[in-house]
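The values are calculated or read from the model by the stated rules, or taken from the named source; none is laboratory data. Note that this is a predicted model, so its numbers are computed, not measured. We place every Cβ from the backbone using ideal geometry, glycine too, and count neighbours over all the protein chains shown.
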Amino acid sequence: MTELYARLRATDPETWRAYVEHAFVRALGDGSLPRANFLHYLRQDYIFLIHFIRACALGVHKTDRIAEIRQLAGTVHALSEFEMQLHIQTCARAGLSEADLATTPEEPENLSYTRYVLDLGHRGDLLDMLVAQAPCVLGYGEIGRRLAAETGGPPAGHPYAEWISTYASEEFRQVGAAHEALMEAVCRRRIGPEPWTSPRWAELAASFVTASRLEVGFWDMGLRGG
């Protein structure tokens, strides 16, 4: 964990814990989450990922460095071709096509979160966008690895084994590591090696906390169901 990410994460520890230890997450881990709630969450998360990928593509417009362009393009590919397959395949087994997923009406929590990230991407720079995206990319990896450890794999027959395995996987760990490294590199270039001493730090930390709170709201939506 880079010092940048550690300091962002430590800005509001209570909000971070509320996100990564949410009742929805605990129910995923122990298998008690009702299937209808899980499918409702997956449908919303499919729409979320579309807008999240749009934000990553917007990041390409925010840089003229080919290494960063390639990395952002790699993230777009990983999210659209790896992570989204979990949603498509799981919902297909429940009789929902990808066309059904694409026409899912967005819940208010989904609208709030995705438009917040896109708005930051449009009015800010690449660093603003990467910081706002970090709770999702890095938090899901943390949750997946913890649930995998707590469930012992998870074992065959666990109702949410595929979800846990996806976010605990080496492929998703690499997505998170790439995001964290890019965020660190862009921050060093734009602000310096100790951004927490910069006047801009308060704004960056606030956007990280806001995105984490919006993640809590997304889990709340999942518990509420459709």
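If you go through the range 54-64, how many residues are surrounded by fewer than 21 Cβ atoms within 10 Å (Cβ to Cβ) and either in a helix (DSSP H, G or I) or in contact (Cβ under 8 Å) with a residue 60 or more places away in the chain (or both)?
Residues meeting the conditions: 7.
Please give the number of the condition T63 fails out of (1) more than 18 Å from the chain's Cα centre (by Cα); (2) under 28 Å from A161 (Cα atoms); (3) not hydrophobic (A, V, I, L, M, F, W, C).
Here T63 meets the rest and fails (2).
Which fully enclosed helices (runs of 4 or more DSSP H) of the range 98-196 have 1 or more residues being without any contact (Cβ under 8 Å) to a residue 40 or more places away in the chain, within 21 Å of F52 (Cα to Cα) and among the hydroxyl-bearing types (S, T, Y)?
Because the criterion is at least 1 residues that are without any contact (Cβ under 8 Å) to a residue 40 or more places away in the chain, within 21 Å of F52 (Cα to Cα) and among the hydroxyl-bearing types (S, T, Y), the helices (runs of 4 or more DSSP H) in the range 98-196 that meet it are 126-151, 161-168.
Does S207 satisfy the criteria of being of a type outside the set (D, E) and more than 17 Å from H87 (Cβ to Cβ)?
yes
Evaluate the range 68-84: report whether one residue or more is among the acidic types (D, E), assigned to a helix (DSSP H, G or I) and under 18 Å from L130 (Cα atoms).
yes
Kindly establish whether V216 is hydrophobic (A, V, I, L, M, F, W, C), under 22 Å from A67 (Cα atoms) and surrounded by 15 or more Cβ atoms within 10 Å (Cβ to Cβ).
no
Yes or no: the range 68-82 includes at least one residue that is within 23 Å of F208 (Cα to Cα), buried (at least 19 other Cβ atoms within 10 Å of the Cβ) and at pLDDT 95 or above.
No, the range 68-82 has no match at all.
If you go through the range 40-53 one residue at a time, do you hit one that is in a helix (DSSP H, G or I), surrounded by 15 or more Cβ atoms within 10 Å (Cβ to Cβ) and of a type in the set (S, T, N, Q)?
Among the residues of the range 40-53, at least one is in a helix (DSSP H, G or I), surrounded by 15 or more Cβ atoms within 10 Å (Cβ to Cβ) and of a type in the set (S, T, N, Q), which makes the answer yes.
Could you check P13 against (1) modelled with pLDDT of 95 or more; (2) surrounded by 14 or more Cβ atoms within 10 Å (Cβ to Cβ) and say which number it fails?
Tallying (1) modelled with pLDDT of 95 or more; (2) surrounded by 14 or more Cβ atoms within 10 Å (Cβ to Cβ), P13 fails exactly one: (2).
Do you know which residues across the range 81-106 are of a type in the set (S, T, N, Q) and closer than 12 Å to R43 by Cβ?
Hits for the range 81-106 are T90, S97, T103, T104.
Read through the list (1) in contact with a Ser or Thr (Cβ under 8 Å, 6 or more places away or on another chain); (2) surrounded by 19 or more Cβ atoms within 10 Å (Cβ to Cβ); (3) not aliphatic (A, V, I, L, M), then give the number of the only condition that E162 fails.
Unmet condition: (2).
How many residues are part of a helix (DSSP H, G or I), within 18 Å of the chain's Cα centre (by Cα) and free of Cβ contacts under 8 Å to residues at least 60 places away in the same chain if we restrict to the range 10-35?
Residues meeting the conditions: 3.
One line per residue, one yes/no per condition, for (1) surrounded by 21 or more Cβ atoms within 10 Å (Cβ to Cβ); (2) at pLDDT below 95; (3) in contact with a Cys (Cβ under 7 Å, 6 or more places away or on another chain); (4) not aromatic (F, W, Y):
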| position | (1), (2), (3), (4) |
| --- | --- |
| E107 | yes, no, no, yes |
| N110 | yes, no, no, yes |
| L130 | yes, no, no, yes |
| A134 | yes, no, no, yes |
| G139 | no, no, no, yes |
| G144 | yes, no, no, yes |
| A148 | no, no, no, yes |
| F172 | yes, yes, no, no |
| R189 | no, yes, no, yes |
